[in-house]
Structure formats: structure tokens, C-alpha cells
Amino acid sequence: MGLFDNIANMANAAGNAIQNTGAQQTSKTVIFQEMPETLEQMQALPEASLRDPLDVAALTVAALCVYPFNKDESIRMLNFLKGPQPLSPMEISFIRDRFMDSDYVPRSYLNGATPQNNYMPQRPYSVTVYETPHSRDNFNEGYLTIYITSGGADNPRYVRLRTKPSTGEWFLWEQFLLVGIRVPDAQNPWA
């Protein structure tokens, strides 16, 4: 059984929305035949080599999608992505607070997830990540900003990654994905 199979009352996708992501330098769609539900499943994916920053951004979305189902495993996955600097108690508290009222925000970054279908993503699950002309503004200091479009927001959100030059790996530095988006139509009295 897949990670999202138990979400009740999901409407069928209303169609594929074409989203304008602005000027792009590099983009990639990462496909998950099944969403990783454990750290070990994540580490078995080719994207978990941490060599491609776009893959690390996509895996961040996958790790956050696990949180409503298994908080501890999600934190383990995020700590893997954080590398030498695990989540601080304040970051863990922030993540917990973001999930108090809703669990759909991370799913909104998966392709096909919209308010109209209650953020039920299309299978196979995929997330498109990209750079903008400003993504590399701090590249010389070892940072890269990767953008991800949410099906429930007008503007893309981002994750900031940091490289470890001695290994060539990229790690999650900070994420700005767990911010408010439009509520699913099933929860919207005005829909």
C-alpha cells in the first residue's frame, strides 16, 4: 500500500494545470514510483547520492510528505538530508507546528496536486524542481536556492542547499515549504 492510499474522499484530478515557473536555468522532474516511507527506502533511491542539488530538493518534499504518517521517520529522513548539521530542536518544533492544522501542504508540491482534487498527487508521484536566475546568488559561498511550485500557491517556494566541498555532496540547509496555501476544496466552505 502506498503512502497516500489511505487519504479518504479524494476527488479525481480536475486536469493538468500548466504552471508558469518563470525564467529557468535548470529544471528536473524527479519521479517516485512509490514515495519512500522510511529512511532506508529513501537511501535506496538513486537520488539519495546527494550529488545533485535538484535531487536533494525533491527528496526534501518526499521526507515532508511522510510526516503526517510517521513523524519520527520523517525527521530521520530530513536529518539524512541535513547531513553534518541535523535539525535543531527549534526546526523540529516549527515542523510540528506546521502540521497541527493540516497535512496537505507537502503534497501540494507533487505534480497534479491541487485544491480541486484535495491535493491528491498523480501517480507515479513526481516533483519538478528548478533554478531561477537568482538561485546561484550565493553559490560562491556554497549555497544554492532551488524552487518548487505548489499547486495551492501563486508563487513558488524554495529550499536552500549547502554543499560540502570535501565530498561534493549537497545538503538541505533550510526549507521554506511549510507555509500556508489554499485549503483543499473539501475543506473550503466557499468552494
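Distance distribution note for region 24-87: the fraction of Cα pairs above 19 angstrom is 25%. Rounded to the nearest 20 debye, the dipole magnitude of region 102-191 is 140 debye, with +1 charges on Lys and Arg beta carbons, -1 on Asp and Glu beta carbons, and the Cα centre as origin.
Taking the centroid of alpha carbons for each part, region 125-174 and region 76-110 are 16 Å apart. Computed from the Cβ-Cβ distance with R0 of 30 Å, the FRET efficiency linking W190 to K71 stands at 0.45.
Students often check this: by mean Cβ neighbours within 10 Å, which of 26-38, 84-96 ranks highest, and how do the rest follow? Mind dumping the intermediate values first?
Numbers: 26-38: 16.3, 84-96: 12.3.
The peptides rank, most packed first, as 26-38, 84-96.
Available extension along the chain between V179 and M90 is 30.4 nm, counting 0.36 nm per residue and deducting the alpha carbon span. Just so you know, the averaged projected area of the alpha carbon convex hull for region 27-187 sits at 9.0 nm².
Placing R0 at 25 angstrom, the Cβ-Cβ distance between I31 and D103 gives a FRET efficiency of 0.65 after rounding to 0.05.
A short reminder: the numbers here are calculations on the coordinates, not readings from a lab. This is a predicted model, so every value here is computed, not measured. Counting neighbours? That spans all protein chains shown, and the Cβs are built from the backbone with ideal geometry, glycine included.
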